[in-house]
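Undergrad: A single structure is presented below for examination.
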Amino acid sequence: MLSSVKSFVIAFAVSILIFGLIGYFIAPQIKSLTDNFLTPNDEVTHVDEYEIPPVPNAQSGIVSDPAAFPDHRSFTLLLIGSDYQPAVFSDYRVSVSNTTDMEVLSTHQRHYKADVIMLVSYNAETGIVMFSAIPSNLMVTASGITMKLGDVLERKNVTYFKDMVAGIVGMPIDYYVCCQISLFIDLINKLGGIKYDVPVNMNYRDDEERIVTEGASRDPIPLIIDGAQVYDENGDPVMIPAGKPFTINLTKGIQMLDGEKASWVLRYNSYSNGFTGKRDTVTTFFRTFFETFAREENHSKLAGVVSLLNTSNAASTNMSTSDFEELASTILAYQKYEKTNLNFPVNIAGFGDDERISFARNTVYAAYEKYRIG
C-alpha cells in the first residue's frame, strides 16, 4: 500500500515538473506563432474610440518659435463635407440623442454621412502645407458597433468625429469645419467660382435622389389613375418621387465651376479605381480651393466667408472670427509654402458600394509622424 502511494507521489511530482517546463519554454513559442498568424503586430481592421491613444492638447500643436515663417501660426484643420440635405429630403431619421444604438439600427429612415474628410496642416516651422484625404469608408468602431468612419458623424457628433480622426492619424487637430452641400455651394459662389481641372468625365444619375424646385413638394406623390390610388404587387401604394433625378454631368478638363458644379466634383464616386480616384480628386480640389481662397483679390471676401460659417445652420465650426484673424496671415501666405500630399495608407477590399477600407495603425502613425506639429 505504502509503495503504491509512494509511486503516485513520485509520478505526480514528475508530471508537474514536465508540464512546468513545457509552459515555461514551449508555450511562449506557440503563442508567438498563433499571434503572428491571427493578429499581425501592425494589422488592425478598425479602431475603437477606447483604443485610441491620447493625442497632445490642441495647443501643443502651436509652434512658439517658428523658423520658416516667424510671424505665422502653425495649425491643423479638419474639413468635413456632409451630404445632409434637409432642404431636399424630409425623411431623415430622428435624432439619436434619446435613442439607443439598436433603435438607430432598426430605423429605415434616411441617413447622412461625412462624404468628404480632408486634413490640412500648416506648419510654419517647416514651411509646409500638408493635404491628406481620409477615407469615408474606413472601418471603425464606435460604442461597440463597427461602421464606416463617415457614418460616425451622424451617430455621434462633430466633436467626437474630430477626436476620432485625430486618434486614427495620431495628430492633434486644432480646428474643424463641417459643411453641408448647400452651404458649400454658397461659399464657392461667394468666392466667384473656382477654376479647376476636372480629372475625368463625370456622368452620374440617381433616380432615388431627387432635386426639388423651389415651391414644389419635397415628398413623394401618390400615383393616382382615374381617381384611384395605384398599388404594387405587394399591396404598397405606388409613389412618384418629387422633383427630378439628381445628375452629374461634367466634362474632363480645365473650367470655371460655380458652387453647384464644384459640389458635383466632390460628390462624384464612380471612379474606375474606386477610393483612389476619389482621394486624388478631393486632394487636388482642395489644393486649388486654398490657392483660390488665398488670392489677393479674394482677401476682402474672407471675413464674409468666416462669418457665414459661424452663423449658418448648415455649418459647424470651432474656429471663431478672432481665431481666423490670428490665422489669416498664415492662410493668405499659401503661395509661399511648399505643398505636399499624404496618401492615407489603406488596405482595400471590395469595390463600389461594397468597398471596405481598413488600415494598419502603426503604419498610419508612422506616415503622419513627420507632419505632426509641436
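Read-outs: derived from the displayed coordinates by stated rules, not from any lab. All values reported here derive from a predicted model rather than from experimental measurement. Quick reminder, even Gly has a Cβ in these numbers, built from the backbone with ideal geometry, and neighbours come from all protein chains shown.
Undergrad: Run the paramagnetic zone check for Thr159: 7 angstrom along Cα to Cβ, then residues of segment 299-328 with backbone nitrogen under 15 Å.
TA: Under cut-off, by backbone N: 316-320.
Undergrad: Once the dipole of segment 333-374 is set up with Lys and Arg at +1 and Asp and Glu at -1 on Cβ about the Cα centre, which of Val364, Phe344, Tyr334 lies farthest towards its positive end?
TA: Toward the positive end, the furthest listed residue is Tyr334.
Undergrad: Once you've got the Cα coordinates, tell me which of Lys278/Lys370; Lys195/Lys336; Lys113/Lys278; Lys162/Lys278; Lys156/Lys336 are over 27 Å apart.
TA: On the way: Lys278/Lys370 24 Å; Lys195/Lys336 20 Å; Lys113/Lys278 16 Å; Lys162/Lys278 21 Å; Lys156/Lys336 38 Å.
Exceeds cut-off: Lys156/Lys336.
Undergrad: Moving to a separate point now. Counting only Cα atoms, I'd like the Rg/Rh figure for segment 173-290, Kirkwood definition for Rh. Working shown, then result.
TA: Details: Rg = 18.7 Å, Rh = 16.9 Å.
That ratio is 1.11, to two decimals.
Undergrad: Still on this structure, I have one more. With label points built 7 Å along Cα→Cβ from the Cα atoms of Lys370 and Glu296, find their separation and express it in nm.
TA: For the pair Lys370/Glu296, the computed spacing is 3.4 nm.
Undergrad: Only loop residues by DSSP count here, and only those with at most 13 other Cβ atoms within 10 Å; note down the chymotrypsin sites (Phe, Trp or Tyr not before Pro) in segment 324-360 that meet that.
TA: Details: sites: Phe324, Tyr334, Tyr337, Phe351, Phe359; in loops: Tyr337, Phe351.
Filter output for segment 324-360: Phe351.
Undergrad: Among Ile224, Leu119, Ile194, which residue has its Cα positioned farthest towards the positive end of the charge dipole of segment 108-244, with +1 placed on the Cβ of Lys and Arg, -1 on the Cβ of Asp and Glu, and the dipole taken about the Cα centre?
TA: After comparing all options, I get Leu119.
Undergrad: If you place +1 on the Cβ of every Lys and Arg, -1 on the Cβ of every Asp and Glu, and leave all else neutral, what size is the dipole of segment 200-321 about its Cα centre, to the nearest 20 Debye? Each step should come with its number before you reach the end.
TA: Details: 12 positive and 16 negative charges, 148 e Å.
Using Cβ point charges on Lys, Arg, Asp and Glu, segment 200-321 gives about 720 debye.
Undergrad: What are the GluC sites (Glu not before Pro) within segment 142-219 that DSSP puts in a loop, where the Cβ has at most 15 other Cβ atoms within 10 Å? Let's see the in-between values first.
TA: Details: sites: Glu154, Glu208, Glu209, Glu214; in loops: Glu214.
Answer by residue number: Glu214.
Undergrad: In nm, to one decimal, how far is the Asp323 label point from the Gln229 one, both placed 7 Å along Cα→Cβ?
TA: In this crude label model, Asp323 to Gln229 measures out at 4.9 nm.
Undergrad: Right, another one. Taking every alpha carbon pair in segment 121-240, what does the distance histogram look like in 10 angstrom bins from 0, in percent?
TA: Calculated P(r), rounded to whole percents: 9, 21, 28, 24, 12, 4, 1, 0.
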